[in-house]
Amino acid sequence: MAHIQVEENIPGIRSLVLFRPETGKPLYDLAQVLLRGPSSLSEAERELIAAYVSYRNECIFCMSSHAAAARCLYGPDKNLVDEVLHDMQQSGVSDKLKALLHIAGKVQVLGREVTPEDIAAARVLGADDREIHDTVLIAAAFSMFNRYVDGLASFTPTDLAVYEAMGERMAKGYVLPASPEPK
């Protein structure tokens with residue numbers, strides 16, 4: 001049960017943004033820009049960064065929903081998502097993405113954990129300033145989103161099918177949910 005009175009059975013951040021749409025809209029707009037806006041990182045890769053950070057933060061709702069979105073976006077390569085969440089270094093993603101995920105993991109702990117050597121390693125593997133910037137911002141934003149969702153104990157479904165449907169919707173983009181009809 002959520003710590004505040006939100007609409008029942010609306011999972012995760014959706015219930016929270018419906019509670020305060022004036023704060024929810026900028027959060028959804030940020031997610032749209034970060035995860036669906038123009039980037040040399042694919043939408044699947046950016047969703048994977050979000051899922052990875054959420055996994056490391058132990059935010060079940062965000063990890064499950066963004067992993068589901070990443071699986072949808074990866075299509076036939078959807079197994080990469082679970083490989084990364086199981087053992088990022090042994091996964092089949094590119095070395096460049098591994099370096100970016102490494103940076104994201106450091107941001108998840110503390111921004112100052114990112115070293116010049118981490119950045120240099122990502123650059124050697126082909127990461128540019130925009131990709132490094134976006135990785136850090138996705139990691140920072142999702143650390144905030146994770147704390148928002150878990151800090152208010154929002155509803156976290158346990159049925160994986162719920163996340164599959166959520167992932168299909170999220171793969172299309174981030175739009176503020178409509179308020180439920182009054183009962």
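Distance from the C-alpha centroid of the stretch 114-183 to that of the stretch 93-111: 14 Å, rounded to the whole angstrom.
The label point for Q89 and the one for A120, both projected 7 Å from the Cα toward the Cβ, are 2.0 nm apart.
Projecting the Cα atoms of I103, A67, M144 onto the charge dipole of the stretch 12-171 (Cβ charges, centred on the Cα centre) puts M144 farthest toward the positive pole.
Maximal additional length on extending the T156-V33 stretch stands at 41.8 nm, based on 0.36 nm per residue less the C-alpha distance. Between T23 and D129, the simple spin-label model (points 7 angstrom out along Cα→Cβ) gives 3.4 nm. Over the chain, Cα pairs under 8 Å with separation of 6+ residues give a relative contact order of 36 percent.
Result for the chain in a Gaussian network model with C-alpha springs under 10 Å: among S65, S94, S54, the largest mean-square fluctuation is at S94. With a 1.4 Å probe rolled over the protein heavy atoms of all chains, the accessible area of H66, H3, H102 falls in the order H3, H102, H66, largest first. Per residue, the accessible area of the chain comes to 52 Å², computed with a 1.4 Å probe over protein heavy atoms only.
Taking a label point 7 Å from the Cα of L176 along the Cα→Cβ vector, which residues of the stretch 1-19 have an amide N closer than 20 Å to it? Inside the label zone: 5-8, 10-19. Across the protein chains, with a 1.4 Å probe defining accessible surface, the residues V114, V53 rank V114, V53 from largest area downward.
Placing unit charges on the Cβ atoms only, positive for Lys and Arg and negative for Asp and Glu, gives the chain a dipole magnitude near 320 debye about its Cα centre.
For mean projected area of the Cα convex hull in nm², the value calculated from this model appears in (1) 16.6; (2) 10.5; (3) 21.1 under label (2). In the context of the full protein assembly, T158 retains an accessible surface of approximately 130 Å², using a probe radius of 1.4 Å and ignoring ligands and nucleic acids.
The values are calculated or read from the model by the stated rules, or taken from the named source; none is laboratory data. Computed from a predicted model, the values in this text were never measured in an experiment. Positions of Cβ are generated from backbone atoms using ideal geometry, with glycine treated the same way; all protein chains shown enter the neighbour counts. Quick note on the areas: whole protein, heavy atoms, side chains included, nothing else; ligands and nucleic acids left out. Shrake-Rupley method; radii C 1.70, N 1.55, O 1.52, S 1.80 Å.
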